[in-house]
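Chemist: Below you'll find the structure I mean.
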There are 2 protein chains.
Amino acid sequence: MATVRKLEALDDIIHQKVRLGVMSSLMAAGEADFNFLKGALGVSDGNLSTHLTVLEEHGYIRVRKEFVGKKPRTTYAPTDEGRRAFEAYVEALEAFVRA
Amino acid sequence: MATVRKLEALDDIIHQKVRLGVMSSLMAAGEADFNFLKGALGVSDGNLSTHLTVLEEHGYIRVRKEFVGKKPRTTYAPTDEGRRAFEAYVEALEAFVRA
């Protein structure tokens, strides 16, 4: 049945609101650091960290740690797999709500 | 900040996947009975009941109980408020993922 397939096509990893916010931001910006994401999404450090870890563990984002002068900086970017998953999610969602 | 507003604009009542499925189905079909929704969304009775109750309690759907011959039949339809909420959700979501 078509509708059943569509409901399953909504990737749970991306559907969660904070993760959807992270992926949308990273797709738009190409990459972003922790503080940018925190400010843009209006979420706590702990909440953001939790969801970044989920995205990283699923291979949807990659993490780069570096020093800018003496300050550590952590930058996040979507992987190719993350980009594909995000695009599939958006396509499934649009088909779903426009059915 | 624009992105913060958008994240909050994603109505939590509608964002949950089963409820999103119910609202999408009812917006498309106008109305539907319990068994139709259950089959279309591939969810259990208990799961569907729980989410229908949430939507009803928030005034997003109305419930009509009737007898067809001797069989009870329960039909669900979006209220005007539910239609407005769904449309606002879709608009917010599209702005969000296309940002």
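Taken together, the values in this text are just the output of simple stated rules run on the coordinates, not laboratory data. Predicted model only: the values in this text are computed from it and were never measured. When we count neighbours, we look across all protein chains shown, and the Cβ atoms used for this are built from the backbone with ideal geometry, even at glycine.
Chemist: Somewhere in the range B:6-15, is a residue under 26 Å from A:Ala28 (Cβ atoms), surrounded by fewer than 16 Cβ atoms within 10 Å (Cβ to Cβ) and in contact with a helix residue (DSSP H, G or I) (Cβ under 7 Å, 6 or more places away or on another chain)?
Modeler: yes
Chemist: Looking only at residues in the range A:47-81 that are touching a Lys or Arg at 6+ places or on another chain (Cβ under 8 Å) and not in a strand (DSSP E or B), which one is nearest to A:Leu37 (Cα to Cα)?
Modeler: A:Leu48
Chemist: Being closer than 23 Å to A:Arg98 by Cβ and surrounded by fewer than 12 Cβ atoms within 10 Å (Cβ to Cβ) is the filter here, so list the residues in the range B:55-95 that pass it.
Modeler: Those that are closer than 23 Å to A:Arg98 by Cβ and surrounded by fewer than 12 Cβ atoms within 10 Å (Cβ to Cβ): B:Asp80, B:Glu91.
Chemist: Those residues that are more than 10 Å from chain B (Cβ to nearest Cβ) and crowded, with 20+ Cβ neighbours inside 10 Å, I need them from the range A:17-31; list them, please.
Modeler: Those that are more than 10 Å from chain B (Cβ to nearest Cβ) and crowded, with 20+ Cβ neighbours inside 10 Å: A:Arg19, A:Val22, A:Leu26.
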